[in-house]
1. Going by amide H atoms built from the backbone, whose H comes under 5 Å of the H on B:S65, apart from near neighbours?
2. Å³ per residue of the Cα convex hull, for the range A:10-141?
3. Counting only protein heavy atoms, what percent of the accessible surface of the range A:410-465 is carbon or sulfur at a 1.4 Å probe?
4. Just to be sure I understand: if you take the accessible area of chain B alone plus chain A alone and subtract the pair, with a 1.4 Å probe, what total do you get in Å², rounded to 100?
5. If all Cα-Cα distances of the protein assembly as shown are sorted into 20 Å bins from 0 onward, what percent lands in each bin, rounded to whole numbers?
6. Checking the a/c ratio against 1.5 first, then a/b against b/c, what shape does the Cα gyration tensor give for the range A:486-553?
7. List the distances, in nm to one decimal, from the label point of B:L366 to the label points of the same position in every other copy, shortest first, placing each label point 7 Å from Cα along the Cα-to-Cβ direction.
8. Hey, which aspartates and glutamates would be in cross-link range of A:K553, C-alpha to C-alpha under 12 Å, not counting anything within fewer than 8 residues on its own chain?
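The values are calculated or read from the model by the stated rules, or taken from the named source; none is laboratory data. Not measured: the values here are computed from a predicted model. Quick reminder, even Gly has a Cβ in these numbers, built from the backbone with ideal geometry, and neighbours come from all protein chains shown. Heavy atoms of the whole protein, side chains included, go into the accessibility calculation; ligands, DNA and RNA do not. Shrake-Rupley method; radii C 1.70, N 1.55, O 1.52, S 1.80 Å.
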Protein chains: 2
Amino acid sequence: MVFLNKEKLLKVARKEVLADLLVKNAKIINVFTKEIEYGNLAISDGYFIGVGDYKAVEEIDLKGSYIAPGFIDGHVHIESSMLTPNNYAQAVLPRGTTSVVADCHEIANVCGENGIDFMLEASKNLPLDVYMMIPSCVPSTKFETSGAFLRAENIKKYVNNSRVLGLGEMMDYPGTINGDKEVLKKIELFSHKVIDGHAPGVYKEDLNAYCLAGVKTCHECTTPDELVEKVKRGMYIHLREGSQTKNVRDLLPGINQKYYSHILFCSDDLHPLDIGKIGHIDNNINIAIQYGIDPIEAISMATINIANCYNINDSGAISPGRKADFVVFDSLEKIEVKKVYKNGKLVVSDSEVLFSSEHLDYTGVLDTVKFNIDNVNLEYKLKSDFVNVIGLIKNNVTTLKLKRNVVLNDLIFYPKLNDDLLKLVVIERHRLTGNIGKGIVEGYGLKDGAIAMTIAHDSHNLVCIGDNDLDMLCAINKIKDIGGGIVIAKDNRVIDYLQLAVGGLMSTENLEFVSNKISNLEKIARKIGVSKDIEDPFLQLAFLSLTVIPELKLSDFGLFDVNNFRIIPLEVGDN
Amino acid sequence: MVFLNKEKLLKVARKEVLADLLVKNAKIINVFTKEIEYGNLAISDGYFIGVGDYKAVEEIDLKGSYIAPGFIDGHVHIESSMLTPNNYAQAVLPRGTTSVVADCHEIANVCGENGIDFMLEASKNLPLDVYMMIPSCVPSTKFETSGAFLRAENIKKYVNNSRVLGLGEMMDYPGTINGDKEVLKKIELFSHKVIDGHAPGVYKEDLNAYCLAGVKTCHECTTPDELVEKVKRGMYIHLREGSQTKNVRDLLPGINQKYYSHILFCSDDLHPLDIGKIGHIDNNINIAIQYGIDPIEAISMATINIANCYNINDSGAISPGRKADFVVFDSLEKIEVKKVYKNGKLVVSDSEVLFSSEHLDYTGVLDTVKFNIDNVNLEYKLKSDFVNVIGLIKNNVTTLKLKRNVVLNDLIFYPKLNDDLLKLVVIERHRLTGNIGKGIVEGYGLKDGAIAMTIAHDSHNLVCIGDNDLDMLCAINKIKDIGGGIVIAKDNRVIDYLQLAVGGLMSTENLEFVSNKISNLEKIARKIGVSKDIEDPFLQLAFLSLTVIPELKLSDFGLFDVNNFRIIPLEVGDN
């Protein structure tokens, strides 16, 4: 953290006192005028003093490199990196990210206020500014069992926290549009801050209602037209490049210089492997540049546009009085971050992270996997052989609601009797309800094995997919033993696993450990037949329980028909 | 005032309940996408519901006219209109203005907190949203006597008023740059809101310091370069078209689509005659259109840009959930407002104002002219005939510091012995100090008469200009009798006067009365010789005491050398 001592900084600005650092020979990206500025940039006490005729204690010569404001992720669930905030900071800083607007929705679904408190506390003294949006929809629907139920009265205490920028993505768009009292109460609480949206495919009069309720942003556009309709109503649109959900390329054709200021970048959910491989917000910027957007405008979408939208007044630009967060790189054609400064201090040099993680206090977020293993019954006894099946779509978290005739044996469904159909179960793991939702999935491609995990949006119950009960039970058992994580079983034994002890969502280890582990688990998953059409075997699985994305999902209550917003049986009936 | 009943509005948005009003066949200006939107626009309970397939109780067919969001004046001193807020609303609404960001700096200099309270109260229930910036510099310098002295502790109580958007123009830019503790304390108080700036000709390192202190806007740019330098540092720039101070045409060459969002329109000080003759913010828009700026971008500078800069989230655009403030006109080449709607109600039709003013409570703002007439000595006894003279510049509030040899009689200065040199006195009228500042002015052009008034920026002492003591005393006497105003005397009698009983600044009468009176007074002023180079005889006079604008001014302390920030004698010495 930096402390703003205005009297001291003004002395430096007036040249009465030496600056701490003078950045010389840099091409300074000005996100206000969208031009390159030349001159010596002074920094003191963690803040930009400005460009001018300054002297400083230390000088660095950037020999013509570019510098841009540190990148901001406009919307991210840190938990999706499977890293705790300190390790997440180590992962994203080398990509130039110096601030994130985080929605701790995942751990809040598991641990409620303890989860929010943990994320706020664990992200406090990092060389990464973690701003928080308070989860609005815990649970995300009434059709699942979550670890917590956050009403307006539970989140009220976060309203005036200076690191809290507003209310997290209002996924309950039907409730918002319909004026649900509890939804409106939450929005009212945060009405002086920002209300994030989440409204895939909401148009016309419904979109009027959604905006009228007070929602300011959306990161769920899928077409350029949808983007334009939302900007027309004043919304700010995140172009998202996550591991599973990507819409930057799809939406770029819809943007126009006239409303560039309404365009923001975000990652939403980014897998640890992808941070290393494809990067973070630098990736969004590079995609936009490659598409033909002016590089400085693209950088603005990752910096000042987000700062303006979220009322972050002290970062997002290289200008007097803002935090001296900046990245150094050599080309505007493709940004490859060489150095990163946070609060005026070098924190990353040639991908090497120059700070270490602090010890965290895990109170309230461990031991979160609670269910009675003896009650887990994986048998699928059906009334008919005409069933609803969750159909996977390549590179997409939406699914199809398929109808399939299946082969049964004594009215019992066995995957091994049915080509490319697998059992998918969601076992409630928070409240010992004994709930198990059962579904059938097409297109995942696994054979002779099972995968179980406690990342399962948004309630993060235990999800398990497999083609035989023995392997599924084996994986489920291991999950309970390790208090959450990802487990692959085959031939009734655990092949490998990643422990995610923090809420069943995050590892206590660093990026390298988690990446290696995930990498190995993915190799195993491919070996046991997970389809190449499934970009990420685990993320795909994690989204199959997300009951706010169409068409057919599975919660611990059973199959959920998202378009009709109700639980339906496995067997095709009148629905 | 309108009350936002979200549950009801959402019902209308969802088409469950009829809207109040449906605007049909309008070309709707969308300030987000900068395009024309077509469709039916629904309004209910004073708010826009949105464009869609709506039905309403009442329909209006605009037959292809344009509609734009109601215009906002980004920075104005209402007092300069000489009208109280209710009469001001009647004056500006026909020009399409539905909101103003007002700085009640003038009356605060006379009446202190009573003045601020009066302006807040008197502007409360008007069909014009009057947002307030709390005066930051009362008095504007230490080199004059004002009616009030507002320290941070005095203005603290206004910080959380929802109609208060921040701290008014920080004219003490030297104090800001130099880190004056009291200045920083005031800025700190309002740091969660907007700090308005006023920094003519402040550049480079000083500008870094000024921005670093927290100032967000400036309306005092004089060149395109100055504008660009300020935008580079993140400032928002008002292009101003007032009666005396105009910079829209000068600054337009400096603006660029890349930072249009940083460009705002304002009037600052607008004379009642000019509101009728040249208009208000519609005039700024039309000048920009004429210059070649895209009309929708020009309208944005008068609407959404200001709303965004000042965090006014519920107006500035025709979009769901914002106040239904809009103007109707027929051409984008030159905007001529036909109808104005405020909170969904027709308030102006073909220049006719459809609402009447309420009675105001003048407690605390009357009887503000206090000085002892017997102590007024207008004799100029000098030590030398080489004197400092205030030189007027055509169409400018800045003055020149001239040095002139004058003809004296027995060491006494008589204007009648010196071509085009007049006596200018500033008589303290707040605290009975008996102070009289004496100066000599070149370029005003009056003969055989005197003009006195109690509008004299910023302390609003009594200012009197004339070429003989008899007429000057006569005018000064009348000012005291009527409790403030504008008086012209000739041949030892009052020719005409305008009473400004409210703080010596504002009339209790309406626009028509005040305009006619001013018009007649101006005719008289011209008759007694006020130069045609002086665009406005009274405004010119009112700015001669403004000690924050270069070069030479006059306060009740004496001649003020603005560049050196000190009082100097009439006689040229070592200065």
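1. B:K27
2. Cα-based convex hull of the range A:10-141, divided per residue, equals 137 Å³.
3. Here carbon and sulfur together make up 50 percent of the probe-accessible area.
4. By this definition, chains B and A bury close to 4200 Å².
5. All Cα pairs, binned at 20 Å, distribute as 12, 37, 31, 15, 5, 1, 0 percent.
6. Oblate.
7. 7.6
8. Within reach: A:E144, A:D458, A:D561.
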